[in-house]
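The values are calculated or read from the model by the stated rules, or taken from the named source; none is laboratory data. Values in this document were obtained by computation on a predicted structure and should not be read as measured data. Glycine also receives a Cβ, built like all others from the backbone with ideal geometry; neighbour counts cover every protein chain displayed. These area figures cover heavy atoms from the full protein model, side chains too; ligands, DNA and RNA do not enter into them. Shrake-Rupley method; radii C 1.70, N 1.55, O 1.52, S 1.80 Å.
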Amino acid sequence: MNESVVAVVFGSCCLLLVVGGVAIVVSAVRRQRRGSQHAQQQGWERVPDGTDVVAGWQDWPFTEAIREGGRTNDVLTGVHGGVRFMSLRWSQLESGRGDGGGDSETYNVVAVATRHRYPRLSVVRGRHYHGVPEGRFETGDARFDRRFDTFGDAAFGADLLTEPVRAAIDEHGHALVFQPGWITRVTPWTFYSGEERMIDELEALLAPLRLVPPQVWSTHGGPPDFLTSFRHSG
């Protein structure tokens, strides 16, 4: 292959990379705009990037950070189907082989507000041994325990993670985490707040929670408001 052919091939490859990159950026901008327009139509509120809306939160995914600190972006609050919610993007540095000894990881977090402060509980798909605090326990469901890490208050977990709840979590979820004042669903970042995918994630969060026996909520602080106010949007 002579030099002129090599130059043409190289130039074509570079052009394809540039065009592909531009297409990705354009698609992302369009998605953000659609999400923002939908949020505005619903009367939801944007919160400035960097606002500390996760004060007091711990456990997943924060236990994966190799040092304290992270950043919130794309924060949205509002009411969906009678439920007060928050959606945000959380970025932090985790152990890995990237520059500076770590990799930047980003998560979508959707959360529903609660008046009650429930015991600590994290149910996370996969095996995550780095930084996980004391308190890991198993549910006794061998298949579920192979697929999920559970840690936090073992008594609360045993009561809450009934067979129907485990099945719903297995079907819908990456991580279900109880935080002060909120119950959250955490997934690798794939959507912008306000997009239809955000609504899907909110409903995926609520699905297993609505299967928790009423006596469990009563025993551990009281029933969350969304059990009576939630209305499916579909």
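Couplings 3J(HN,Hα) for the stretch 54-60, derived from phi with the Karplus relation 6.51 cos²θ - 1.76 cosθ + 1.60 (θ = phi - 60°), are 10, 4, x, 6, 8, 6, 6 Hz, where x marks Gly and Pro. Annotation: amide H-H contacts under 5 Å for W60 (H modelled 1.01 Å from N, sequence separation of 5 or more, or interchain): none. Looking at the square roots a ≥ b ≥ c of the eigenvalues of the Cα gyration tensor of the stretch 46-230, which shape do they give, rounded for a/c under 1.5, prolate if a/b is larger than b/c, or oblate? It is oblate, given that a/c is not under 1.5 and a/b is not larger than b/c. Judged by the gyration tensor of its Cα atoms, with axes a ≥ b ≥ c, the stretch 133-234 is oblate; a/c meets the 1.5 cut and b/c is at least as large as a/b.
Protein heavy-atom surface of the stretch 46-230, 1.4 angstrom probe: 48% of the accessible area is carbon and sulfur, with nucleic acids and ligands not counted.
Across the stretch 211-227, rounded Karplus estimates of 3J(HN,Hα) from the backbone phi angles (6.51 cos²θ - 1.76 cosθ + 1.60, θ = phi - 60°) give 9, 5, x, x, 5, 5, 4, 4, 5, 10, x, x, x, x, 4, 5, 5 Hz, Gly and Pro being marked x. Near I66: Cβ cut-off under 11 Å, other residues only, Lys/Arg at +1 and Asp/Glu at -1. The net charge is -4.
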